[in-house]
1. With θ set to phi - 60°, apply the Karplus curve 6.51 cos²θ - 1.76 cosθ + 1.60 along region 53-63 and write out the HN-Hα couplings as whole Hz, x wherever there is a Gly or Pro.
2. List Ile139, Ile30, Ile36 from most exposed to least, where exposure is judged by having the fewest other Cβ atoms within 10 Å.
3. Over region 1-118, what is the mean sequence separation of C-alpha contacts under 8 Å (at least six apart), divided by residue count, expressed as relative contact order in percent?
4. Among the chymotrypsin sites (Phe, Trp or Tyr not before Pro) in region 144-201, which ones are in a DSSP loop with at most 15 other Cβ atoms within 10 Å of the Cβ? Mind listing them?
5. Exposure proxy check: Lys177, Lys136 ranked by fewest other beta carbons within 10 Å?
6. Once percent of Cα pairs over 22 Å apart is worked out from the coordinates, which option in (1) 41; (2) 47; (3) 56 does it equal?
7. May I ask you to derive the FRET efficiency for Tyr45 and Asn14 from their Cβ-Cβ distance with R0 = 45 Å, giving the value to the nearest 0.05?
8. Count neighbours as other Cβ atoms within 10 Å of each site's Cβ, and list the trypsin sites (Lys or Arg not before Pro) in region 1-110 that are DSSP loop with at most 13 such neighbours.
Amino acid sequence: MIKNKEELKEEFSNLVKQYDLDDDLRDKIIILTRNITKFSKQAIYAIHRDELDEAKKLIVQAEDEMKRGSEIINESEIHLMNNFRGGIEEYIEAKAYLLYVTENKIPTRKELMFANKIPYETYMEALSDFTGELAKRSITLATANKIDEVKKIKETIDEVYGFYLEFDFRSSELRRKFEGLKYNLNKVESIIYDLTLKLKN
């Protein structure tokens, strides 16, 4: 028989309590992540419709949910951040899109909530998706014959692409997102080409 069986019994009794608590916290994180994703997607949709005040409100709602998530993560002994990553990625994409449209800026990690906890992969994956929103915006601008604004978007995506070229991606997800970024750049270049031909005729 194990000499410290009673102490181990007490230890495992405490572990069961902690496990059950963490299970509850994990469920809460899943709900919060859904909310963050929902508010962020709604913010992106609002930006596409030029409803910037509404987008700002939705970003604040997403950030409020992220604060709640941070408190839960700090309560738990297990690493819940991975459960939270999908929501954070959508938030970064929405925040980047809003900042770009309102201030012509792309946020660094330190300008975002959870700056010290956001994995660089999540940040980079989100910015790659952000270029997809820029490509969508360029279509709207092209239909209004705003070629200079489309060119500005192309230059922005090209600059981001240049940053990503510094990496030798081995992560399949990051590599996939990088391919998406290249596709978005090519898409906007094609839009500019087509729009140039249209305006010449």
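Where a number appears in this text, it was derived from the coordinates with a stated rule and is not lab data. Because the structure is predicted, anything quoted here is derived from the model rather than measured. Quick reminder, even Gly has a Cβ in these numbers, built from the backbone with ideal geometry, and neighbours come from all protein chains shown.
1. Ordered by residue, 3J(HN,Hα) equals 5, 5, 4, 4, 4, 5, 5, 4, 4, 4, 5 Hz.
2. Ile139, Ile30, Ile36
3. 29 percent
4. Those that pass, being in a loop and sparsely packed, are Phe167, Phe169.
5. Lys136, Lys177
6. Only one option fits the structure, namely (3).
7. Taking R0 as 45 Å, the efficiency between Tyr45 and Asn14 is 0.45.
8. Qualifying residues, ordered by number: Lys3, Arg49, Lys105.
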